[in-house]
Amino acid sequence: MSGANLSGIRLRGADLSNANLSGANLSGADLREASLNKANLSGANLTGANLHAASLNGANLSGANLKEANLTETVLQYACLEQVKAEGARLERTDLRGIPQWMWSKLAAQPGVIWKDALSDYS
């Protein structure tokens, strides 16, 4: 599914663990409660995607666009967040344990990011 156009797709609760979604267009996708553990989402467009309560343990999100995405209660333990664009994203009660502080602090510092009660190894 690398590079696939999955814009607006509804995959609520789907198991996409280990999937290669690098460069995929998932803008506006419904990924609530989906399992994306160890998925490759590098360079993916997740603009406006709903990832509420999704699990992305160990996922590669390097270079992904998460602008205005809903990451409320999303598990991102040990995920790679290098060069992620997250302007306007919602990170409430998001689990960032296992991610270096410098990596998630760059995410939180982007304009319009809603950051509340996130879990980390440093909180």
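Report, ordered by the first and then the second residue, all pairs with beta carbons closer than 6 Å, sequence separation of six or more or different chains, a first member in the stretch 78-106 that is of a type in the set (Asp, Glu), and a second member that is surrounded by fewer than 16 Cβ atoms within 10 Å (Cβ to Cβ).
87/111; 87/112; 92/116; 95/119
Collect the residues in the stretch 12-21 that are in a loop (DSSP other than H, G, I, E, B), out of contact with any Asp or Glu (no Cβ under 6 Å at 6 or more places or on another chain) and surrounded by fewer than 19 Cβ atoms within 10 Å (Cβ to Cβ), keeping them in residue-number order.
Answer for the stretch 12-21, where residues must be in a loop (DSSP other than H, G, I, E, B), out of contact with any Asp or Glu (no Cβ under 6 Å at 6 or more places or on another chain) and surrounded by fewer than 19 Cβ atoms within 10 Å (Cβ to Cβ): 14, 17, 18.
Only one residue in 63, 58, 43, 48 is surrounded by fewer than 20 Cβ atoms within 10 Å (Cβ to Cβ) and in contact with a Phe, Trp or Tyr (Cβ under 7 Å, 6 or more places away or on another chain), so which one is that?
The unique qualifying residue is 58.
Is it the case, given these coordinates, that residue 113 is over 22 Å from residue 37 (Cβ atoms), crowded, with 16+ Cβ neighbours inside 10 Å and touching a strand residue (DSSP E or B) at 6+ places or on another chain (Cβ under 7 Å)?
So residue 113 passes the test.
Can you tell me which residues in the stretch 23-54 are closer than 18 Å to residue 78 by Cα, in a loop (DSSP other than H, G, I, E, B) and of a type in the set (Ser, Thr, Tyr)?
Matches in the stretch 23-54: 42 only.
Taken together, the values in this text are just the output of simple stated rules run on the coordinates, not laboratory data. Everything numeric here is computed off the predicted structure, so don't read it as measured data. Neighbour counts are summed over all protein chains in view; Cβ atoms, including those assigned to glycine, are modelled from backbone coordinates with ideal geometry.
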